[in-house]
Amino acid sequence: MADYGAVALYQNDDCYPDYLWLAHLEHLDSLETYPNQQAAVARLLLHLTDSDDGDLLASPEDKQALLAKLDDAPIEPCTRQAVEAMQRLLPEYIAETDVDVDLGASNFMVCAVTGDVVLSDPISGLSNISEEHRKRLLAEGIVVEVQQ
């Protein structure tokens with residue numbers, strides 16, 4: 001798997017430009033077909049969101065509480081990669097953008113080959129980035145703007 005990030009701007013709207021994202025994907029299975037992984041995710045979500053089914057975290061207070069809880073999140077072999085990814089990425093997204101964090105159980109999947117749990121689509125509102133952030137992406141060559 002590989003995440004290549006934003007690779008093109010497909011809607012050049014001054015307020016809310018939308019980007020195309022490129023990633024190399026693997027087949028993922030529903031968490032429901034893996035009872036051990038489902039139980040591990042339920043324990044993780046109970047710790048992070050106070051609900052074993054997870055939650056959408058939209059308020060600044062809820063997102064800051066999540067960041068504090070990530071430091072001592074329970075890590076099981078099948079959830080290690082998902083927890084480590086959240087620990088590395090969520091602080092930056094929460095600090096630099098106005099996005100919601102979707103930690104619903106339905107966003108967790110299982111990589112069929114390894115049995116590892118992955119978190120799919122945890123951030124809501126990424127296309128609504130500031131003009132300053134958009135310009136930085138363009139300057140860094142992360143985003144290639146498409147002219148029509």
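Nothing in this text is a laboratory measurement; each read-out follows from the coordinates by a stated rule. Source: prediction; values computed, not measured. Cβ coordinates were reconstructed from backbone atoms using ideal geometry, including for glycine residues, and neighbour counts include every protein chain displayed.
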- prompt: Hey, what did the range 27-128 get for relative contact order, percent, Cα under 8 Å, at least 6 apart?
  reply: 34
message: Limiting things to C-alpha atoms, what are the Rg and the maximum Cα-Cα separation (Dmax) for the range 27-128, in angstroms?
response: 12.9, 37
- request: Count charges around residue 62 for me, please; just the other residues with Cβ under 13 Å from its Cβ, Lys/Arg as +1, Asp/Glu as -1.
  value: -3
